[in-house]
Amino acid sequence: MMRPNDITIRDLSLGYGLRIVVQGMSCRIAAGSLTAVVGPNGAGKSTLLRAVAGLLRPRKGAIDTGGMAARQIAYLPQQADIDRTFPIRVQDMVALGLWPETGVFGGIGRGRWRKVHEALDRVGMLSFAARDIGAISVGQFQRVQFARLLLQDASVILLDEPFTALDAATTADLLRMVESWHDEGRTVLAVIHDLEQVRATFPLCLSFMGQAPVLGPTRVLLAHCPLCDRSAADDEEDGGRAA
Amino acid sequence: MTAWIWQTFCAPFEEFLFLRHSLAAVLALALGCGPVGTFLVLRRMSLMGDALSHAVLPGVAAGFLISGFSLAAMTIGGFLAGLTVVVVCGLLSRFTPLREDASMAALYLISLALGVLLITMRGNSMDLMHVLFGSILAVDGPSLVLVASVTTATLLTLAVIYRPLVTECFDPGFLRAVSGTGTTAHILFMALVALNLVSGFRALGTLMAVGLLVLPATAARFWARQVWSQALTATLLALLSGYVGLLVSFYWNMPSGPTIILTAGCCHVLSLIMGPRQGMLTQYLCRAKTA
């Protein structure tokens, strides 16, 4: 892994079509930091992650990654963005994490397959390697996606609602992996709805709960904020209704 | 027995040159249509392929209007019309609230009407029938070269864009994040669809050509599990449909294009019922076993 740089966001505006989602946002995400992005649905959290990943062009302002190559930034989208009926095996999907090494044409020899199987073993999914991605549960699929992130070996990892709809054991396992990435010096930015999880694991918090996004220590921003907990409860209720 | 098998299944092709030409054309078509059709179905674009097959008609008609039944003019016209519709659909879905399938449906209706009008301006109803439904028994040397060249180009291009194409099918967000090849792969793939439709129009007609793309590919899903094995199965089913369809049309004196597509349709229905991967019979037997 290469050392990450700070990510500096200056006067950033983002949107889709005629709708502006994020306006005039500025902050600096320090290299190697572990930051939770919190806020109600539709506040612009996922939009910000997409922009940092280079998938959405800013309307105004800029995101300065200090010259990091695109391959140094790994992005885990929400599960709904992936077609799980597609006939591909778990190990083949994880092998795509080697894309920065293999590119479009590079082969996957025995050494690389070993890496794939090691990554699957780390997330406890080695015995599912030959199954189709549609034949495993939501939680198992999220573990598979984490295995692919492991292989990408990126300096900056962006996670969009990585623990939604997962059971406690899977969430705990994957949270440990996020913490290990932080310990290795990678920058991690994750959209999280469970504020208790944020308080317990994430030292920094980028809050979309007020008028403008604010970045600061979690213990300060989420110290005692009935509005925050209310907002999270509303989100969970919305999710329940949608389900 | 051996003599009877030879006489029934091989002798007609030995005896008639036009049948040999037709067989070579349909086998070459099947080799390209199998893998392209598989990706078309996996990308949930089967109906868009159908719409595109109508969209090439005005181009073919324009070629016909300018130089009669000239293979080159009609092929180039059809290909350009197909590409134009793909690009316009992409732009409409990007810059208007219309989704790509709705834009495609609108454009296909306009194209079909325009194509029929253009052909009837100069030709007669027989010409229109030839363009719409093809005439595989009139495949000549140049048409054969065209089909073989398109198939070669198709297989080579698919080999080059295979990895981004597969990734774009199920996880386009990941592909955009790791590589900028997604758009190129999408455009090249749509060009391949248009090219295969155009290469098939002489033999099967603009309305029927999509049948060899979609029917074997949808049937293959009931037999094979992975992308490559589905593409291989689709190719084998397309080859089988082409060969059996030609024989049936020869013995029973039927139009060959629709017979080939109907044979592919039979393969599809049989696969739907008997396919080991979630075919109706397999599902019924599984349920009966667990009940």
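What the table shows:
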| quantity | calculated |
| --- | --- |
| Segment A:64-83 - residue that is under 19 Å from the mean Cα position of the chain (by Cα) and open to solvent by 40 Å² or more (accessible area, probe 1.4 Å) and, of those, farthest from residue B:227 (Cα to Cα) | A:64 |
| Some residue of segment A:19-29 being assigned to a loop (DSSP other than H, G, I, E, B) and either within 11 Å of chain B (Cβ to nearest Cβ) or within 27 Å of residue A:197 (Cβ to Cβ) (or both) | no |
| Residue satisfying condition, being in a loop (DSSP other than H, G, I, E, B), closer than 30 Å to residue B:69 by Cβ and more than 14 Å from every other protein chain (Cβ to nearest Cβ), within set B:197, B:246, B:207 | B:207 |
| Residues within segment A:14-32 that are open to solvent by less than 10 Å² (accessible area, probe 1.4 Å) and either more than 13 Å from residue A:61 (Cβ to Cβ) or among the small types (Gly, Ala, Ser) (or both), tallied | 2 |
| Considering residues of segment B:137-160 that are assigned to a helix (DSSP H, G or I) and touching a His at 6+ places or on another chain (Cβ under 9 Å) only, the residue least open to solvent (accessible area, probe 1.4 Å) | B:143 |
| Number of the condition not met by residue A:127 [criteria: (1) assigned to a helix (DSSP H, G or I); (2) open to solvent by less than 60 Å² (accessible area, probe 1.4 Å); (3) over 17 Å from residue A:180 (Cα atoms)] | (2) |
| Segment A:33-49, subset in contact (Cβ under 8 Å) with a residue 40 or more places away in the chain and within 14 Å of another protein chain (Cβ to nearest Cβ), residue most open to solvent (accessible area, probe 1.4 Å) | A:46 |
| Count of residues meeting criterion [more than 8 Å from chain B (Cβ to nearest Cβ), of a type outside the set (Val, Ile, Thr), without any contact (Cβ under 8 Å) to a residue 40 or more places away in the chain and closer than 21 Å to residue B:179 by Cβ] in segment A:93-112 | 5 |
| Segment A:75-89, residues that are more than 7 Å from every other protein chain (Cβ to nearest Cβ) and under 27 Å from residue A:30 (Cα atoms) | A:76, A:78 |
| Unique match (being open to solvent by 70 Å² or more (accessible area, probe 1.4 Å) and in contact with a helix residue (DSSP H, G or I) (Cβ under 9 Å, 6 or more places away or on another chain)) among B:107, B:98 | B:98 |
| Residue B:20 surrounded by fewer than 24 Cβ atoms within 10 Å (Cβ to Cβ), of a type in the set (Lys, Arg), out of contact with any strand residue (DSSP E or B) (no Cβ under 6 Å at 6 or more places or on another chain) and not in a helix (DSSP H, G or I) | no |
| Residue in segment A:130-137 that is touching a strand residue (DSSP E or B) at 6+ places or on another chain (Cβ under 6 Å), in a loop (DSSP other than H, G, I, E, B) and within 21 Å of residue A:159 (Cα to Cα) present | no |
| Single match in B:91, B:40, B:47 (criterion: closer than 20 Å to residue B:172 by Cβ, part of a helix (DSSP H, G or I) and in contact with a Phe, Trp or Tyr (Cβ under 9 Å, 6 or more places away or on another chain)) | B:40 |
| Subset of segment A:151-204 (residues that are in a loop (DSSP other than H, G, I, E, B) and among the charged types (D, E, K, R)) | A:153, A:161, A:167, A:184, A:186, A:194 |
| Selection within segment B:161-183 - surrounded by fewer than 19 Cβ atoms within 10 Å (Cβ to Cβ) and either under 20 Å from the mean Cα position of the chain (by Cα) or not in a helix (DSSP H, G or I) (or both) | B:162, B:180 |
| Condition check for residue A:112: surrounded by fewer than 19 Cβ atoms within 10 Å (Cβ to Cβ) and under 29 Å from residue A:66 (Cα atoms) | no |
| Matching entry among B:238, B:220 (being farther than 30 Å from residue B:88 by Cα, at pLDDT 95 or above and within 14 Å of chain A (Cβ to nearest Cβ)) | B:220 |
| Enumeration of residues in segment B:210-242 that are free of Cβ contacts under 8 Å to residues at least 60 places away in the same chain, open to solvent by 30 Å² or more (accessible area, probe 1.4 Å) and not in a helix (DSSP H, G or I) | B:223, B:225, B:226 |
| Meets criteria (surrounded by fewer than 21 Cβ atoms within 10 Å (Cβ to Cβ) and under 11 Å from the mean Cα position of the chain (by Cα)) for residue B:272 | no |
| Which listed residue is open to solvent by less than 20 Å² (accessible area, probe 1.4 Å) and on the phi > 0 side of the Ramachandran plot, from B:245, B:200, B:257, B:205 | B:205 |
| Only one of B:166, B:160 that is within 24 Å of residue B:229 (Cβ to Cβ), in contact (Cβ under 8 Å) with a residue 40 or more places away in the chain, within 14 Å of chain A (Cβ to nearest Cβ) and among the β-branched types (Val, Ile, Thr) | B:166 |
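The values are calculated or read from the model by the stated rules, or taken from the named source; none is laboratory data. Since the model is a prediction, treat every value here as computed from it, not as a measurement. Cβ coordinates were reconstructed from backbone atoms using ideal geometry, including for glycine residues, and neighbour counts include every protein chain displayed. Keep in mind that these areas ignore ligands, DNA and RNA; they rest on the heavy atoms of the full protein, side chains included. Shrake-Rupley method; radii C 1.70, N 1.55, O 1.52, S 1.80 Å.
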